[in-house]
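Participant: The structure that follows is given in the form of structure tokens.
The values are calculated or read from the model by the stated rules, or taken from the named source; none is laboratory data. Computed from a predicted model, the values in this text were never measured in an experiment. Cβ atoms come from the backbone with ideal geometry, glycine included; neighbour counts cover every protein chain shown. SASA here: full protein model, heavy atoms, side chains in, ligands and nucleic acids out. Shrake-Rupley method; radii C 1.70, N 1.55, O 1.52, S 1.80 Å.
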Amino acid sequence: MDELHVMMVKQVKCNGDQGLTHGGGGHFTSADIDSDGRDEFLYPLGSNEIIALDNDAPDHILWRVSLSSTPDTPVIADIDNNNLAEIIACTSDGYLNVLKR
Ligand SMILES: [Ca+2]
Ligand SMILES: [Ca+2]
């Protein structure tokens, strides 16, 4: 399997007037982020990281990304319309983080 590299592409301050609030340390989500037809599990960790786990081997960490503070539940969307999913997560310091391959 090719290694999946995920990088931060955008960080937008999103607290205050925008009304986005969260307590940090969200819940897992699943999505097919590498377009192989099978979902991966994404877990936000209290240690400022999001990790992705293989659906078939949940003890195998596919990748991990460090963020500026504790991430909330990730949201998956193709926001640049290139047929590859981006990972979007708010962090407890009030930033909206967009991650992509
Ligand atoms: Ca997949
Ligand atoms: Ca995309």
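Participant: Starting from the Cα of N55, step 7 Å along the direction of its Cβ; do the same at R38; then give the gap between the two resulting points in nm.
Facilitator: Label at N55, label at R38, 0.8 nm between them.
Participant: Something else: Taking amide H positions as placed in the peptide plane 1.01 Å from N, state which residues far from E86 in sequence (5 or more) or on other chains have amide H under 5 Å from it.
Facilitator: Amide H to amide H, under 5 Å and 5 or more residues apart or across chains, E86 pairs with A77, D78, I79.
Participant: Same structure, new question: All other residues with a Cβ under 13 Å from the Cβ of N48 taken together, and with Lys, Arg as +1 and Asp, Glu as -1, what is their net charge?
Facilitator: Net local charge, N48 excluded: -2.
Participant: Using a 1.4 angstrom probe with every protein chain in place, what is the largest-first accessible-area order of I79, I88, I50?
Facilitator: Largest accessible area first, the list is I79, I88, I50.
Participant: Now for a separate question. If you count only protein heavy atoms and use a 1.4 Å probe, how large is the accessible surface of I61, to the nearest 10 Å²?
Facilitator: I61 has an accessible surface of roughly 70 Å² with all protein chains in place.
Participant: At 0.36 nm per residue, and after removing the present C-alpha to C-alpha distance, how many nm does the segment from R101 to S30 gain when stretched out fully?
Facilitator: The span from R101 to S30 would gain 24.0 nm if fully extended.
Participant: Using Cα pairs closer than 8 Å and at least 6 residues apart in sequence, work out the relative contact order for segment 41-101, in percent.
Facilitator: Once divided by the residue count of segment 41-101, the mean separation gives 25 percent.
Participant: To continue, here is another question. Under the classification rounded if a/c is under 1.5, otherwise prolate if a/b is larger than b/c and oblate if not, where does segment 7-100 fall, given a ≥ b ≥ c as square roots of the Cα gyration tensor eigenvalues?
Facilitator: Verdict is oblate for segment 7-100.
Participant: Nearest 20 debye, what's the magnitude of the dipole of segment 7-100 about its Cα centre given +1 on Lys and Arg Cβ and -1 on Asp and Glu Cβ?
Facilitator: That gives a dipole near 400 debye.
Participant: Any chance you could look up the accessible area of K13 with a 1.4 Å probe, heavy atoms only, rounded to 10 Å²?
Facilitator: 100
Participant: Where in segment 55-86 is the amide nitrogen less than 17 Å from a point lying 7 Å along the Cα-to-Cβ axis of S47?
Facilitator: 59-72
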